[in-house]
Every structure is written in C-alpha cells, then in structure tokens.
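Nothing in this text is a laboratory measurement; each read-out follows from the coordinates by a stated rule. It should be emphasised that the depicted structure is a prediction, and the values quoted were computed from it without experimental measurement. Counting neighbours? That spans all protein chains shown, and the Cβs are built from the backbone with ideal geometry, glycine included.
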Amino acid sequence: MITVRQTQFVWLLALMGLMAGCQYLGAPKLNTFNDRAAAAYATITAISKANDSIAQYRVRQAHGNPDYEDILSVIKDDAQNVQDQLTQANQAVTIAESFKDIDPQAADTRLLAVEIALKALQKYLEENAP
Amino acid sequence: MNPAQAIIVGLQLAQEFIQFTIKMQKAQTEGREGLTDEEVATFRAATIAQLALSQTKISNLGKPAEAS
C-alpha cells in the first residue's frame, strides 16, 4: 500500500524527471507570437492529458468506498472545471491569433493572460495531484 | 498513483514539449525567426482533438469502461 506521502514523492520524482528532460533537450527560446501561441496550445494539451489521468486514477481509488457516488460527483466536477478553463484558454489563444496582425499589442496582452492562467492551472494540478 | 502511472503521466506531459522543441529547433535550423502559421495550426488541431477526447472521458468517468 502506497501512502499519501509516497505518492507525493513519486509525483515529485516524475516532475523532476520531466524538468531534467526539458533541460537535456534544451528549453526552446520563444521568439515570436507564433512560438508563444504554439507553446500555449502544447501546454493546454499536456494539462488536459494530466487532468484525465488524475481523474481516472481518483475514480479507481474511490471504488469500494461507501460514499463512492458522492466522491465520483466531486471528481467529475473538479475535472470538468479544469476542462472548462482549458477550453476557455484554447479559445482565447485562437482569438489572440485572429487579431495578431490587426492589433499586435492587444493580441500579446490576451496571450499573456492565457499564459498566466495556464501557470495557475498547472500549479493547481501539481498541488492537488494524488 | 503508483510509480508506473506517475511515469506514464510524466511521459505524456513530456511528449507535448518534445514535439514543440523539435519544431522550434527545425525552425531555427532553417534560419527562421519562429514557427509559421501552419506549424501553429498543427498544435491548435492537436489541442482541439485532445479537448474533445478529454470531454468524452470526463463524461464517462465512473462508467464500466473507465473502471477497468
């Protein structure tokens, strides 16, 4: 049986491995609006996959619990909330792209807001990962 | 989450950034300042597909297929 502290340690190891991998590959420098937009899309995709995995794991863990239906409802609501935020972030990047040639400053501001929101979402998932 | 599952999640996250890094390196190798609109479009398409898949998975959470 793996304890809560052990699972947190495993998560920490996985994140450290990911960071080490990115350092090994060399984190790319984001030069242009397009680079940042693509990075935002890649981040949304990655967070979405992590959200799926965490939710499915939590459901498996909840099996057999007498309050299973209540726990399942909370897990679904939480996963849906993250999903909704990711959907909004995705739409915001697309909107920013659509007016980057018309109003670059506004597009940049919009994209910056998405980047900040995605960092907050990543932090939330990291801190609440099982 | 057991170590194997944590590693799988880590690999899923890494996969997105490896693809991004490869495209960025390709752009730099070709002497371009950054990614083209077409390259960004591939990331956008992948994100839309993932969000659709994720919505299906969330809707099916707790149903027999997810429990296995």
Cα-projected label distance for B:GLN25 with B:THR42, points at 7 Å along beta-carbon direction, nm: 1.4
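Suppose the chain between A:ASP67 and A:ASP84 were pulled fully straight at 0.36 nm per residue; how much longer would it get relative to their current alpha carbon spacing? All intermediate terms of the calculation are to be shown ahead of the outcome.
Numbers: separation 17, 0.36 × 17 = 6.12 nm, distance 2.58 nm.
My answer for the length gained is 3.5 nm.
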Nearby aspartates and glutamates by direct alpha-carbon distance to B:LYS57 (threshold 14 angstrom, same-chain neighbours under 8 apart not counted): A:ASP52, A:ASP77, A:ASP78, A:ASP84, B:GLU66
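Tell me the GluC sites (Glu not before Pro) within the stretch B:11-68 that lie in a loop according to DSSP and have at most 12 other beta-carbon atoms within 10 Å. Walk me through the numbers before you get to the answer.
Working: sites: B:GLU16, B:GLU30, B:GLU33, B:GLU38, B:GLU39, B:GLU66; in loops: B:GLU30, B:GLU33.
Answer in residue order: B:GLU30, B:GLU33.
Given a Förster radius of 45 Å and the C-beta distance between A:ASN31 and A:ARG60 as r, what FRET efficiency does 1/(1 + (r/R0)^6) yield to the nearest 0.05? All intermediate terms of the calculation are to be shown ahead of the outcome.
On the way: r = 43 Å, r/R0 = 0.95.
Here the calculated transfer efficiency is 0.60.
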For the stretch B:19-31, 3J(HN,Hα) per residue [Karplus equation, 6.51 cos²θ - 1.76 cosθ + 1.60, θ = phi - 60°, Hz, x = Gly/Pro]: 4, 5, 4, 4, 5, 5, 5, 4, 4, 5, 4, 7, x
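Suppose R0 equals 25 Å. What FRET efficiency, 1/(1 + (r/R0)^6) with r the Cβ-Cβ distance, do B:ALA52 and A:LYS119 give to the nearest 0.05?
Working: r = 24 Å, r/R0 = 0.97.
For B:ALA52 and A:LYS119, the calculated efficiency is 0.55.
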Once the Cα gyration tensor of the stretch A:44-102 is diagonalised, semi-axes √(5λ) in Å: 34, 10, 4
Loop chymotrypsin sites (Phe, Trp or Tyr not before Pro), the stretch A:51-115 (other Cβ atoms within 10 Å of the site Cβ: 15 or fewer; DSSP): A:PHE99
